[in-house]
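The values are calculated or read from the model by the stated rules, or taken from the named source; none is laboratory data. Since we're looking at a predicted model, the values are computed, not measured. Cβ: placed from backbone, ideal geometry, glycine included. Neighbour counts: every protein chain shown.
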Amino acid sequence: MARTPIIAGNWKMNKMPDEADAFVRELTPLIATWDNVERVVAPTFLALSAVASALRDAPIKVAAQDAHWEANGAYTAQVSAAMLAPYVEYVIIGHSECRAYLGESDENVNRKAQAILAAGLKSIIAVGESLAQNETGETVPFVRSQVRAALDGIAPGYMANVVIAYEPIWAIGSGKSASGELADNIIKTAVRDTLADLYGRDIAAAVRIQYGGSVKPANMEEFMAQPNIDGALVGGASLDVDDFAALVDIASRVKGR
Ligand code: PGA
């Protein structure tokens, strides 16, 4: 099944609105023609409005880095999916930094997924194991449990709007990436096979699954050459215009549809 690769830049807590605006104006002409790759940037909440207006007519989509599951109310510091809807097409949830530093639980990831999809948005749901889990051979059962928990109660009809990002925690921001083959194997056995158990083979074959964790131009081709990897969720390298453009170029060349 042909799956359009998706490259998403997760800017984390970087770039003020004016910097984000200047960045996407510089990036757009560099990657505008690679239509066989879906291109996404995820600025901070503060920069979403500026980036969404800068990209209004550009073929680059905007993502938020989180959303609360309620539409509004007494939830200090939160932003709801409904509030994000005018600005974004995607919302990233379940990132390991939110799980580690902000107490994000599987249950909350699931609530957020439900709210995001119900608001008509798409979600990039991040999963991945720690170094300790990796070293003790728990990766596959742990990632499977994260995927199952995140998708609990999500109807099959919504799965076209779901992207899963497999990001081994030990590879994020560390400069140490998994090998392409290893990542592909985990993505196949822990993510795609779990999707098949939950939704059947056709949906499992259609859902896009990204790899994330120290992706850069130098290792992008290795990931893109894998049969089960449909793009990348990129932190550090997505903050550099030339690196971001190079990642999209490689994805387009190796597996663009
Ligand atoms: P990194 O981050 O590319 O800097 O490792 C990836 C991520 O956290 O999504």
Just give me the residues in the stretch 88-107 being away from the ligand (no atom under 16 Å from the Cβ), surrounded by fewer than 19 Cβ atoms within 10 Å (Cβ to Cβ) and at pLDDT 95 or above, in sequence order. GLU89, SER105, ASP106, GLU107
Output the residue which, of all residues in the stretch 59-77 that are within 20 Å of the chain's Cα centre (by Cα) and part of a loop (DSSP other than H, G, I, E, B), is modelled with the lowest pLDDT. PRO59
Scan the stretch 42-49 and give yes if some residue there is aromatic (Phe, Trp, Tyr), surrounded by fewer than 19 Cβ atoms within 10 Å (Cβ to Cβ) and closer than 23 Å to LYS112 by Cα, otherwise no. yes
Test: residue in the stretch 42-58 that is part of a strand (DSSP E or B) and either at pLDDT 95 or above or out of contact with any Phe, Trp or Tyr (no Cβ under 8 Å at 6 or more places or on another chain) (or both): yes
Conditions (1) in contact with a Leu (Cβ under 9 Å, 6 or more places away or on another chain); (2) within 14 Å of the ligand (Cβ to nearest atom); (3) among the aliphatic types (A, V, I, L, M); (4) over 27 Å from LEU46 (Cα atoms): number failed by VAL147: (2)
Answer with yes or no whether LEU117 is in a helix (DSSP H, G or I), within 23 Å of ARG3 (Cα to Cα), touching a strand residue (DSSP E or B) at 6+ places or on another chain (Cβ under 8 Å) and not small (Gly, Ala, Ser). yes
Select, from SER174, SER123, the only residue that is in contact with a Leu (Cβ under 7 Å, 6 or more places away or on another chain), touching a residue at least 12 places away in the same chain (Cβ under 8 Å), within 15 Å of the ligand (Cβ to nearest atom) and not in a helix (DSSP H, G or I). SER123
Considering the stretch 195-226 alone, what residues qualify as being aliphatic (A, V, I, L, M), within 16 Å of the ligand (Cβ to nearest atom) and outside any helix (DSSP H, G or I)? ILE209, VAL215
Part of a loop (DSSP other than H, G, I, E, B), among the acidic types (Asp, Glu) and surrounded by fewer than 24 Cβ atoms within 10 Å (Cβ to Cβ), is that true of ASP184? no
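One line per residue, one yes/no per condition, for (1) within 16 Å of the ligand (Cβ to nearest atom); (2) more than 27 Å from PRO29 (Cα to Cα):
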{"residue": "GLU181", "(1), (2)": "no, yes"}
{"residue": "ASN228", "(1), (2)": "no, yes"}
{"residue": "GLY236", "(1), (2)": "yes, no"}
{"residue": "ARG257", "(1), (2)": "no, no"}
Among the candidates GLU138, GLU129, residue that is surrounded by fewer than 21 Cβ atoms within 10 Å (Cβ to Cβ) and of a type in the set (Asp, Glu): GLU138
Within the stretch 24-41, count every residue that is aliphatic (A, V, I, L, M), under 17 Å from ARG208 (Cα atoms) and in a loop (DSSP other than H, G, I, E, B). 1
Which numbered condition trips up ASP243, out of (1) crowded, with 20+ Cβ neighbours inside 10 Å; (2) in a helix (DSSP H, G or I); (3) within 11 Å of the ligand (Cβ to nearest atom)? (1)
